[in-house]
Every structure is written in structure tokens, then in C-alpha cells.
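The structure under discussion appears below in the form of C-alpha cells.
Readers should treat all values here as calculations from the given coordinates under stated rules, not as data from a laboratory. This is a predicted model, so every value here is computed, not measured. When we count neighbours, we look across all protein chains shown, and the Cβ atoms used for this are built from the backbone with ideal geometry, even at glycine.
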Amino acid sequence: MHLATHFHQAPAHLRLLIVMRAVAIVAMATVYLCFDCFLDIHVPFAAVGGVLGFYALLDVATLLRLRNPAPIGSRETEMAPGQLVFGISQGATDMALRERSVADILDIGFDGYAIGGLSVGEERGVMLRTVSATTAMMPADRPRYFMGIGDPDGVVEMIARGVDMFDCVLPTRLGRTGAALVPGGRINLRNARFARDEAPLVEGCTCPACTTFSRAYIRHLITQEEIVGLRLLTLHNLHTVIALTQTARESIIAGRFAAFRESEPC
């Protein structure tokens with residue numbers, strides 16, 4: 001595998017599909033998404049609407065090579081049994097690029113469809129409007145995946161807009177920095193006010209941290225730089241988000257998601 005940097009005039013030769021196939025089979029991932037850009041393509045920025053359009057086309061090029069790495073219509077890039085392949089729509093908040101990107105990946109055809117290029121600093125209202133418009137373009141019988149949101153309020157709002165799946169580093173990152181997700185927001189266990197707090201992180205939570213240890217003890221572990229403290233917070237945060245999505249699923253099945261959305265203290 002040879003990769004030249006963008007500072008060189010020579011084209012970049014990267015056996016991307018071989019790498020993608022090897023990673024997919026070895027990792028045994030359940031859902032497999034293409035890379036966000038493909039190096040072996042040269043399209044002038046001006047011809048595709050600037051940088052955003054360039055990256056939207058890069059993704060389509062990657063997807064085409066994933067689905068048809070040899071002659072058109074072939075499928076040499078085999079996945080491990082049970083693996084799904086999702087196509088990623090790009091375009092940031094530019095709806096013209098979004099429409100073009102979604103149309104392209106629908107034309108290729110995938111097991112599910114992901115929304116990329118958002119939750120990277122744009123205003124949340126703009127992001128939510130973009131998600132609403134994008135999910136409306138996607139088929140209702142295929143799962144929809146939002147790339148990069150993990151705060152409880154954001155997860156609920158994505159579900160309300162037709163998103164089924166999520167990934168984000170937020171719950172684990174908060175845990176590694178000493179913070180716990182609680183109803184209404186988060187708490188920083190490094191604060192001195194928790195030094196003698198014998199309550200669990202969240203009353204009624206069934207995670208290993210809340211059923212076994214107090215806020216005071218977890219704070220002690222963190223201030224003494226015991227790694228188990230950060231692991232307990234990580235477990236709690238993941239449990240919180242998973243429980244939230246499970247409750248959301250149950251409320252959808254019961255036909256009361258709107259009430260759940262209004263009452264959930266995210």
C-alpha cells in the first residue's frame with residue numbers, strides 16, 4: 001500500500017478496498033460504513049460547488065468502488081456474514097448538496113443510510129432542520145444512522161426526526177474527564193461538593209456504579225487518579241444513553257413518543 005501526501009504531484013495509490021474488506025472481516029463489525037473521503041479521485045473544487053461538494057463526491061466515489069470494485073454490477077468486496085453496509089450522505093447544511101448526495105447513494109443501494117457532515121459546530125437548530133429534510137429523502141424501510149451525536153437531548157431530537165441509530169464519543173469522553181450524565185444535564189464529580197455525598201450518581205439507576213458506589217466514593221477514586229473511577233463513570237454514561245433509547249423505543253411502540261419527548265428530563 002502506497003500513499004502519497006497532497007503535497008506531491010504524483011497520484012495517490014491506495015488499495016482502499018482491500019483495507020476496508022480486511023478491517024470489516026477482522027473487526028466483525030455489525031454495521032460497516034464507507035470512509036468519508038477517497039484519495040484516488042481528482043475533481044476541481046469549482047466544478048462541484050466548493051469543498052463541501054468535493055467531499056460529497058468523494059464519498060460517492062468510495063461507495064461506488066465498494067459496491068462495484070471491478071466491472072459494473074459485480075460484488076467482489078464481500079462482507080462477513082451478517083454485516084450490513086451503509087452509505088453516507090454528505091453536504092453539511094447545504095440542501096442542494098444533500099439532495100444530490102442522497103440521490104446518489106439511493107441510486108447505488110445500501111442496507112441502510114447514514115447522515116454525515118453534521119454535529120461539527122453548526123448551530124443546533126440548523127442541524128436539526130437539515131436532519132429533518134434529509135431523513136425525509138431516505139426510504140422508510142431502511143435504518144437511518146446519524147454520525148456523531150450522544151447527548152440525551154440530541155438523541156431524543158434525532159429520534160423525533162426519524163433517525164434509528166447513533167454513534168458518539170460523548171458518553172465515554174465525559175466519563176474519562178470525571179463527568180456523569182444525570183437528569184437535566186451532567187455533574188462533575190471532581191467538584192468538592194460531592195466529597196461527602198452518599199447518594200448514587202442517579203437515584204434508581206441500575207448501572208454498576210449507581211447500584212454499588214456513592215458519589216463521594218467515585219469522587220475519591222477520581223481525585224486519587226484511580227482508573228476504576230473513570231471506568232465506573234463511563235459505564236454509567238453508556239447505561240444512561242442505552243436506557244434512554246430503550247425507553248424511547250418502548251414509547252414509540254406504545255404510541256406515546258410525543259409525551260415521552262416532552263417529559264424526558266434530558
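Taking a ≥ b ≥ c as the square roots of the eigenvalues of the alpha-carbon gyration tensor, segment 172-263 is classed prolate because a/c is 1.5 or more and a/b outweighs b/c.
Here the label points at Ala140 and Arg256, each 7 Å from Cα along the C-beta direction, are separated by 2.4 nm in the simple model. Annotation: the residues Cys210, Cys168, sorted from fewest to most other C-beta atoms within 10 Å of their own C-beta, follow the order Cys168, Cys210.
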